[in-house]
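Here the structure comes first, spelled out in structure tokens, and everything after it is commentary.
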Amino acid sequence: MSRRPQARIDLAALLHNLQQVRAAAPNSKVLAVLKANAYGHGLLKVAEQLKDASAFGVARIDEALMLRAGGIVKPIVLLEGFFHADELPQVVASNLQVVVHHPSQVEALVAAELDSPVHVWLKMDSGMHRLGLLPEQFLQAYQQLCQSPNVIQPMRLMTHFASADELMVDSTQQQIDLFMKTVEGLAGELCLANSAGTLAWPQSHGHWIRPGLALYGVSPMEQGRAEQHQLKAVMSFSSSVIAVRDVKQGDKVGYGGTWTAPADTRLAVVAVGYGDGYPRAASNGCPVLIKGQRYPIVGRVSMDMTTVDIGNADVQIGDEVLLWGANLPVEEIAEQVQTIPYELLCNITSRVEFRYLNAES
């Protein structure tokens, strides 16, 4: 019997979450973000289920081409745009839409000889200071692209929030105000809100929202939990017990002996490690769930195995061990290991078996 770790992907939960973000922004169209293999959930499988989204967003052209090769015909937006002018013929051939965020992209798009024009999402830097045209560059770029036969009119206008997950920070409202002031009077649909903006900043909804993390049943808010937004976890990451053993008081466990048994106890050895994407930083105290009960990890997480202190509990070889999922939020595990849920979800490796449940035909 295989002891391979599993990621069970509940596609009914995915659709429930789409309904929840829609309910939060009922007058906005949904650009569902599927970058990074749909946040680790499986790019094509997720896209096939999100039939009711208005468009899909990916980071790079190879992700978009995978969707097209898989039969996805829905509009696809390249959130990082095109990297080189020689990608533009492929953008046209695959009917992709592009985010334009830099003057060099504006120049390349205006100068290109294309078989047909493309949809452009013109991005302004309203305070994130990562990608986007500065406000003083934005209007000039807008006018250049409005005059170009390579651009379908009207364009869509967008920005991105730096701290929408922090409700007590003023910068999100400042970003909204700056963006709205800059685009006042310009033609084109507006897109500001990521997951956090969608759930917590209704004044940012605009014509489009672009949820990512929330679709997968994870709170985008700082120290938040999915149930606070009526979201359901899509991924349940689990493995199984492959050994149960006794240890004596004073025995050291795992590489480096970083945990010493304070009393006689029993350990369950779980077939999962950082080679599967489970974080090595989860050593010593991070919880797992066995038969509905929490038990702490002890010793260092190794490449293929993790040890859990089960005391006198009735735990047997073959028992399932939940690492995160509906009853053990990935948000909590992320806090334990001082990272963010995005990283945990995206780090699941190819050694893990993916099972898709509750698909709609």
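Where a number appears in this text, it was derived from the coordinates with a stated rule and is not lab data. Owing to the predicted nature of the structure, the values given are computational and were not obtained by experimental measurement. Please note: Cβ atoms are built from the backbone with ideal geometry, for glycine as well, and neighbour counts cover all protein chains shown.
Summary of computed values
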item	result
About the Cα centre, charge dipole magnitude for the chain (Lys/Arg +1, Asp/Glu -1 at Cβ), debye	760
Label-point gap, in nm, between Glu136 and Gln174 - each point 7 angstrom along Cα→Cβ	1.8
Relative contact order of region 159-230, pairs being alpha-carbon contacts under 8 Å that are 6 or more residues apart, as %	28
Cα-centred dipole magnitude for region 242-361, charges only on beta-carbon of K, R (+1) and D, E (-1), debye, nearest 20	340
GluC sites (Glu not before Pro) restricted to region 187-273 and DSSP loop, no more than 16 other C-beta within 10 Å	Glu189, Glu222
Stokes-Einstein translational diffusion, region 127-268 - Kirkwood Rh over all Cα pairs, 1.567 mPa s, 4 °C, in µm²/s	67
Lys74-Glu335 pseudo-label distance in nm [points 7 Å out on the Cα-to-Cβ vector]	3.2
Residues in region 289-315 reached by a label modelled at Ala263 [backbone nitrogen below 16 Å; 7 Å Cα→Cβ]	296, 309-314
Loop trypsin sites (Lys or Arg not before Pro), region 223-331, which have at most 15 other Cβ atoms in a 10 Å radius of their Cβ (DSSP)	Arg225, Lys248, Lys291
Cα Rg, Dmax, region 88-163, angstrom units	12.2, 40
Charge dipole (debye, nearest 20) of region 146-263; +1 at Cβ of Lys and Arg, -1 at Cβ of Asp and Glu	440
Over the chain: helical MRE at 222 nm, DSSP H runs n ≥ 4 each giving -39500 (n - 2.57), nearest 500	-7500 deg cm²/dmol
Dipole of the chain, positive direction: furthest Cα of Trp201, Gln143, Gln230, with charges on the beta-carbon	Gln230
Over 25 Å (Cα to Cα) - which of Lys35/Lys232; Lys45/Lys123; Lys35/Lys74; Lys29/Lys181 fall in this group	Lys45/Lys123
Those residues of region 265-291 whose amide nitrogen sits under 18 Å from the label point placed on Glu227, 7 Å along Cα→Cβ	287-291
Geometric extent, Cα atoms of region 1-94 - Rg, Dmax (angstrom)	15.1, 52
Nearest-0.05 FRET efficiency for Lys29 and Ala93, computed from C-beta distance (R0 25 Å)	0.50
Relative contact order of region 224-361, pairs being alpha-carbon contacts under 8 Å that are 6 or more residues apart, as %	27
Qualifying trypsin sites (Lys or Arg not before Pro) in region 1-54, DSSP loop, other Cβ atoms within 10 Å at most 13	Lys51
Mean separation of Cα contacts under 8 Å (6+ apart) over length of the chain, as relative contact order %	20
Positive-end residue, the chain charge dipole about Cα centroid, Cβ charges, pick of Leu122, Ile348, Ser240	Ser240
Largest to smallest principal axis extent of the C-alpha atoms in the chain, angstrom	77, 43, 37
Efficiency of FRET from Cβ geometry, Asp319 and Asp86, R₀ 56 Å, rounded to 0.05	0.55
Linear extension gain, Asn347 paired with Ile242, 0.36 nm per residue minus alpha-carbon span	35.5 nm
